[in-house]
Amino acid sequence: MALRKILSDNHPVLRTRAQEVKNINSAVSRLIDDMIETMREAEGVGLAANQVGVPKRILVASDCQEDGEVYALINPRCEEKEGEEIGVEGCLSVPGQYGQVPRCQKVTVSALNRKGEKVRLKLEGLPARILLHEMDHLDGILITDKAIRMLDPEELKSEEEST
Ligand SMILES: [Zn+2]
């Protein structure tokens, strides 16, 4: 496993719509391992492949449970969405900035796991928010596009103190 560099500052790959993965080979498997390691090192809760410069539809995310399990999804597709809530989000590719982002409250996503098996996830609240954030990355979308408001430095300070 190896750490990869996380792109930021509107790097063109962050703005590229990632391509479907057609072949889950050892390179994909290695990429997933590297993404998990990179995400943990950066103390993030999710990471999309284009954030490390690979425009493929692959993401890793924490399930936000206490044991801190991380899952990897390939070619994720949203099947159902329900409700809406606004929450504060940051992003490893938008360092130091936080915004209020509206997201669906519940989501059902289908994808392939790293063995190429079909998986279906039903998530709500924070895990749903993380997954939708990472899926946005795969379409070249950042929180600065979706936020109804970015927090000003004063609010940012109180936000950082609380998390
Ligand atoms: Zn992000």
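No lab work stands behind these numbers, since they all come straight from the coordinates. Keep in mind the model is a prediction, meaning the values are calculated, not measured. Quick reminder, even Gly has a Cβ in these numbers, built from the backbone with ideal geometry, and neighbours come from all protein chains shown.
Jot down the radius of gyration and Dmax of region 12-162, Cα atoms only, both in angstrom.
Using the Cα atoms of region 12-162, the pair Rg, Dmax is 15.0, 47 Å.
When the chain is treated as a GNM, springs tying every alpha-carbon pair under 10 Å, which of I58, I141, I36 comes out with the largest mean-square fluctuation?
I141
If we count every other residue with Cβ under 14 angstrom of I6's Cβ, Lys/Arg +1 and Asp/Glu -1, where does the sum land?
Values: positive: R4, K5, R40; negative: D9, D34, E37, E41, E43, E134.
Local charge sum for I6: -3.
Taking the Cβ of V107 as the centre, find all other residues whose Cβ is under 10 Å away and add up their charges (Lys, Arg: +1; Asp, Glu: -1).
Numbers: positive: K81, R103, K106, K122, R129; negative: E79, E80, E82, E124.
With Lys, Arg at +1 and Asp, Glu at -1, the net is +1.
Taking the Cβ of K118 as the centre, find all other residues whose Cβ is under 15 Å away and add up their charges (Lys, Arg: +1; Asp, Glu: -1).
On the way: positive: R57, R77, R114, K115, R120, K122; negative: E20, E79, E117.
Result for the neighbourhood of K118: +3.
Taking DSSP loops as anything outside H, G, I, E and B, show the longest stretch in the chain free of GluC sites (Glu not before Pro) there with at most 15 other beta carbons within 10 Å. List each step's numbers first, then the result.
Values: sites that count: E20, E43, E66, E69, E84, E117.
Longest gap between qualifying sites, sites excluded: 118-163.
Over the Cα atoms of region 47-123, what Rg and Dmax result, in angstrom?
13.6, 37
Excluding same-chain pairs closer than 8 in sequence, count the lysine pairs in the chain whose Cα atoms lie under 27 Å apart.
So the count of such lysine pairs works out to 27.
Where is the GNM fluctuation largest for the chain (alpha-carbon springs, 10 angstrom cutoff): D136, D67, D33?
D67
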